[in-house]
Amino acid sequence: MKSNLLMNFSVDKENNRVNVEREFAAPVGKVWAAWTQSELLDQWWAPRPWKARTKSMDFREGGTWLYAMVGPEGEEHWSKADYLTIDAESSFSAIDAFCDSEGNPSPDFARSTWTNTFTEADGTTTVSVSIQYDKYEDIEQIMQMGFQEGFTMALGNLDELLEK
């Protein structure tokens, strides 16, 4: 496994955006599948000891992914992604929201728009994630909840999955 994989995490305060760039030692098709198929997402998306559990997924423009982050005590935190655009093995975007188990957005948290771009060079795939918020205070809220640490851990889980 390549040990010097790129990992950049930054917050762009002026534009209310979180930017994450991460390399994976795998071809784009394998990385794309891990981001777009629920049976693979459920294996890496949550930071341990939490687990992701998909309730429903329809990966197409206009489709949704409804899933729970399930904690070690069985507690559930639900999220939903509404897919906006999909360019196979290149990019996809979605509006993300915390919600209830039926997919109704929580009024306590802002929605964000995720744009994920996949590029491959020499068998290594770089995923660039741009997470757009309406205001900086919304970023502060998710950062206080441990988003950077949790997402970094989940991306490490993806490394392990891709090695299999």
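The values are calculated or read from the model by the stated rules, or taken from the named source; none is laboratory data. Just so it is clear, the model here is predicted, and its values are computed rather than measured. Using ideal geometry, Cβ is built from the backbone for each residue, glycine included, and neighbour counts are taken over all protein chains shown. Quick note on the areas: whole protein, heavy atoms, side chains included, nothing else; ligands and nucleic acids left out. Shrake-Rupley method; radii C 1.70, N 1.55, O 1.52, S 1.80 Å.
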**Item:** Filter pass, SER56 being free of Cβ contacts under 8 Å to residues at least 12 places away in the same chain, more than 25 Å from LYS164 (Cβ to Cβ), in contact with a Gly (Cβ under 9 Å, 6 or more places away or on another chain) and of a type outside the set (Lys, Arg)
**Value:** yes
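State whether the residues of segment 136-145 include one that is among the hydroxyl-bearing types (Ser, Thr, Tyr), surrounded by fewer than 16 Cβ atoms within 10 Å (Cβ to Cβ) and under 22 Å from TRP50 (Cβ atoms).
There is no residue in segment 136-145 that is among the hydroxyl-bearing types (Ser, Thr, Tyr), surrounded by fewer than 16 Cβ atoms within 10 Å (Cβ to Cβ) and under 22 Å from TRP50 (Cβ atoms).
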**Asked** Of (1) open to solvent by less than 50 Å² (accessible area, probe 1.4 Å); (2) in contact (Cβ under 8 Å) with a residue 12 or more places away in the chain, GLU61 satisfies all except one. Which?
**Response** (1)
**Message:** So GLU89 ticks every box in (1) open to solvent by less than 70 Å² (accessible area, probe 1.4 Å); (2) at positive phi but one. Which box is left unticked?
**Reply:** (1)
**Item:** Given (1) buried (at least 18 other Cβ atoms within 10 Å of the Cβ); (2) in contact with a Ser or Thr (Cβ under 9 Å, 6 or more places away or on another chain), index of the condition TRP44 fails
**Value:** (2)
**Message:** Within segment 21-39, does at least one residue satisfy the condition of being free of Cβ contacts under 8 Å to residues at least 24 places away in the same chain, under 24 Å from ILE142 (Cβ atoms), charged (D, E, K, R) and out of contact with any Phe, Trp or Tyr (no Cβ under 6 Å at 6 or more places or on another chain)?
**Reply:** no
**Asked** Exactly one of (1) closer than 16 Å to SER10 by Cβ; (2) touching a residue at least 12 places away in the same chain (Cβ under 8 Å) is unmet by GLU140. Its number?
**Response** (2)
**Prompt:** Pick from segment 1-41 the residues that are among the polar types (S, T, N, Q) and within 16 Å of the chain's Cα centre (by Cα): which of them is least open to solvent (accessible area, probe 1.4 Å)?
**Reply:** THR36
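If I ask for residues that are charged (D, E, K, R) and in a strand (DSSP E or B), which ones from segment 4-40 would you list?
Narrowing segment 4-40 to residues charged (D, E, K, R): 12-14, 17, 21-23, 30, 39.
Across segment 4-40, the qualifying residues are ASP12, ARG17, GLU21, ARG22, GLU23.
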**Asked** How many of the residues in segment 93-135 are of a type in the set (D, E, K, R) and either under 12 Å from LYS80 (Cβ atoms) or open to solvent by less than 60 Å² (accessible area, probe 1.4 Å) (or both)?
**Response** 4
